[in-house]
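Engineer: The structure's right below; bear with me while I get my questions together.
The values are calculated or read from the model by the stated rules, or taken from the named source; none is laboratory data. Being a predicted model, the structure only gives us computed values, none of them experimental. When we count neighbours, we look across all protein chains shown, and the Cβ atoms used for this are built from the backbone with ideal geometry, even at glycine. Just the protein is used for accessible areas: all its heavy atoms, side chains included, with ligands, DNA and RNA removed. Shrake-Rupley method; radii C 1.70, N 1.55, O 1.52, S 1.80 Å.
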Amino acid sequence: MSDFDENFDRTDRRLLRALQTDAKASLAVLAERVHLSQAQVHRRVRRLEEAGLISSYATVVDRERLGLGVVAFVGFSLAAEQNKRMREVEKQINGYAQILEVYAVSGEHDYLVKIVADDLKALSAFLSDQLMQIPGVMNVKSTICLEELKNTTALPIDA
């Protein structure tokens with residue numbers, strides 16, 4: 001956590017845990033949870049935001065209720081001659097709404113992505129018509145999620 005470490009205390013950690021649990025919690029609720037005044041909580045949240053520990057707030061939507069019934073993890077590599085276009089390829093991959101997460105990885109593949117789709121047919125069409133059409137994308141391997149057992153955005157924060 002770099003420069004912020006020396007000013008990052010147990011109360012900040014409790015505050016971050018509370019915000020990860022409920023980012024819409026009011027200052028009054030947060031103040032009660034971390035045993036501070038609302039003004040102190042407000043100052044601390046602003047300081048955490050300014051320091052980059054809180055980078056954004058998000059709404060978690062139920063993907064299945066939206067009809068996105070398939071989750072797949074897809075690994076792929078770039079052809080050696082495409083390495084000079086790596087950032088271009090990454091920009092293109094990041095532009096697809098179906099791709100929720102993108103990781104540059106070591107091992108068998110260069111990239112691992114998390115994709116959502118309505119169904120297997122839609123996933124197949126996306127892979128064939130979009131992802132595999134990117135110049136240099138090769139060795140595409142998919143793993144279909146059968147059941148989601150845990151899905152959280154909360155990071156482990158010690159007290």
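Engineer: Quick check for you: with a 1.4 Å probe and neighbouring chains kept, what is the accessible area per residue of the chain, in Å²?
Structural biologist: For the chain, the solvent-accessible area averages 68 Å² per residue.
Engineer: Just how much of I99 is accessible, in Å², when a 1.4 Å probe is used and the result is rounded to the nearest 10?
Structural biologist: 20
Engineer: Diagonalise the Cα gyration tensor of the range 1-73 and give the resulting equivalent ellipsoid semi-axes, square root of 5 times each eigenvalue, largest first, whole Å.
Structural biologist: That gives 29, 16, 9 Å for the three semi-axes.
Engineer: When the Cα centres of the range 87-159 and the range 34-74 are compared, how far apart do they sit, in Å?
Structural biologist: 22
Engineer: Then there's this: So which trypsin sites (Lys or Arg not before Pro) in the range 14-111 are both in a DSSP loop and have at most 13 other Cβ atoms within 10 Å of their Cβ?
Structural biologist: On the way: sites: R14, R17, K24, R33, R43, R44, R46, R47, R63, R65, K84, R85, R87, K91; in loops: K24, R63, R65.
Hits after loop and neighbour filter: K24, R65.
Engineer: Could you run the Karplus curve 6.51 cos²θ - 1.76 cosθ + 1.60 with θ = phi - 60° over the range 103-119 and give me ³J(HN,Hα) per residue in whole Hz, x for Gly and Pro?
Structural biologist: Rounded to whole hertz, the list is 10, 7, 10, 9, x, 5, 10, 8, 9, 10, 10, 9, 10, 10, 8, 4, 7.
Engineer: Okay, moving on. Could you work out how much longer the chain between L100 and H42 gets when fully extended? Use 0.36 nm per residue separation minus the Cα distance between them, nm to one decimal.
Structural biologist: Contour length minus Cα-Cα distance gives 17.8 nm.
Engineer: Another one. Summarise the accessible area of the chain (1.4 Å probe, protein heavy atoms) by the percent that is carbon and sulfur.
Structural biologist: Solvent-exposed carbon and sulfur of the chain make up 50 percent of the total.
Engineer: Ok, one more. Per Stokes-Einstein, at 4 °C and 1.567 mPa s, what whole-number D in µm² s⁻¹ belongs to the range 33-102, with the Kirkwood radius over Cα pairs as the hydrodynamic radius?
Structural biologist: Numbers: Rh = 16.6 Å.
Result for D is 78 µm²/s.
Engineer: Say we join alpha carbon atoms closer than 10 Å with springs in a Gaussian network model of the chain; which of G95, G107, G136 then has the biggest fluctuation?
Structural biologist: G107
Engineer: Let me ask another. Can you pull a Stokes-Einstein diffusion coefficient for the range 67-126 at 25 °C (0.890 mPa s), Rh from Kirkwood over Cα pairs, as a whole number of µm²/s?
Structural biologist: Roughly 200 µm²/s, to the nearest whole number.
Engineer: If each DSSP helix of 4+ residues adds -39,500 (n - 2.57) and the sum is divided by the residues in the chain, what number results at 222 nm, nearest 500 deg cm²/dmol? Could the numbers behind the result be given before it?
Structural biologist: On the way: 5 runs with 52 residues, N = 159.
Value at 222 nm, helices only, nearest 500: -9500 deg cm²/dmol.
Engineer: Here are several values of Rg and Dmax of the Cα atoms in Å: (i) 20.2, 58; (ii) 15.9, 49; (iii) 15.7, 52. Which one was derived from the coordinates shown?
Structural biologist: (i)
Engineer: Now a separate question. Beyond 31 Å between alpha-carbons counts as too far, so tell me which of K84/K150; K91/K121; K84/K121 fall in that bin.
Structural biologist: Exceeds cut-off: K84/K150; K84/K121.
Engineer: With a Förster radius of 30 Å, plug the Cβ-Cβ distance of V29 and L146 into 1/(1 + (r/R0)^6) and report the FRET value to the nearest 0.05. Mind showing how you got there, number by number?
Structural biologist: Details: r = 37 Å, r/R0 = 1.24.
After rounding, the FRET efficiency stands at 0.20.
Engineer: So, with +1 on the Cβ of K and R and -1 on the Cβ of D and E, and no other charges, what is the size of the charge dipole of the chain about its Cα centre, to the nearest 20 debye?
Structural biologist: Here the chain has a charge dipole of around 360 debye.
Engineer: Just check the range 108-158 against the gyration tensor rule for me: Cα atoms, a ≥ b ≥ c as the square roots of the eigenvalues, rounded for a/c under 1.5, and otherwise prolate or oblate depending on whether a/b exceeds b/c. Can you show the working numbers first?
Structural biologist: Values: a/c = 2.73, a/b = 1.60, b/c = 1.70.
Here the range 108-158 falls in the oblate category.
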